[in-house]
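A.B. asks: Can you keep this structure in mind? I'll have questions shortly.
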Amino acid sequence: MAMDDRARREIKALLEVGKEFSAQAQDTPAGLFLSGMLSGLAMAVHINEGSTAEKEMENLDTQLAAAVGRAFLAGQIKQDGD
């Protein structure tokens, strides 16, 4: 199913609003929910545009590892024993 311009515009708007909300509520259950929702929406869009579920799950794993690494380097995650 090809995505038309209207669908792309609406999904882009959802992503932008979701980013704003998740930034405001980043350490709350709502922030975690929004983050997961946005990840799922982005994966669905990529699959609709020709990607595969397997590739998107691999990308999610890579993005999660990168986010954990950035949080650790920023001092937001403590090492064991600290």
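A.B. asks: Which of the helices in the chain, when you take each full DSSP H run, stretch at least 20 Å along the axis at their Cα atoms and have an average Kyte-Doolittle score of -0.5 or higher?
C.D. replies: Numbers: long enough: 5-24 (29 Å, -0.78); 29-48 (28 Å, 1.24); 53-73 (30 Å, -0.06).
Qualifying helices, which must be both long enough and hydrophobic enough, are 29-48, 53-73.
A.B. asks: From Cα pairs below 8 angstrom and at least 6 apart in sequence, can you work out the relative contact order of the chain, rounded to a whole percent? Walk me through the intermediate numbers first.
C.D. replies: On the way: 31 pairs, mean separation 17.1, N = 82.
Reported as a whole number, the value is 21 percent.
A.B. asks: Helix-only mean residue ellipticity at 222 nm, the chain, DSSP H runs n ≥ 4 weighted -39,500 (n - 2.57), per residue, nearest 500. What is it?
C.D. replies: Details: 3 runs with 61 residues, N = 82.
Calculated mean residue ellipticity at 222 nm is -25500 deg cm²/dmol.
A.B. asks: Picking from GLY31, LEU60, GLN76, whose Cα lies most toward the positive end of the charge dipole for the chain (charges on Cβ: Lys, Arg +1; Asp, Glu -1)?
C.D. replies: GLY31
A.B. asks: Taking the Cα centre of segment 29-79 as the origin, how large is its charge dipole in debye, to the nearest 20, when only Lys and Arg (+1) and Asp and Glu (-1) carry charge on their Cβ atoms?
C.D. replies: Details: 3 positive and 5 negative charges, 67 e Å.
About 320 debye.
A.B. asks: Using mean projected area of the Cα convex hull in nm² as the read-out, say which of [x] 8.8; [y] 6.2; [z] 6.7 was calculated from these coordinates.
C.D. replies: Only one listed value fits the structure, namely [z].
A.B. asks: Separate question: Going from most exposed to least, what order do THR28, THR62 have by accessible area with a 1.4 Å probe?
C.D. replies: Working: THR28 55, THR62 90 Å².
Sorted by accessible area, descending: THR62, THR28.
The values are calculated or read from the model by the stated rules, or taken from the named source; none is laboratory data. In this text the structure is predicted, and so the values were computed from the model without any measurement. Ideal geometry is used to build each Cβ from the backbone, glycine not excepted, and the neighbour counts take in all protein chains shown. Each accessible area value is taken on the protein alone, full model and side chains, heavy atoms only, with ligands, DNA and RNA left out. Shrake-Rupley method; radii C 1.70, N 1.55, O 1.52, S 1.80 Å.
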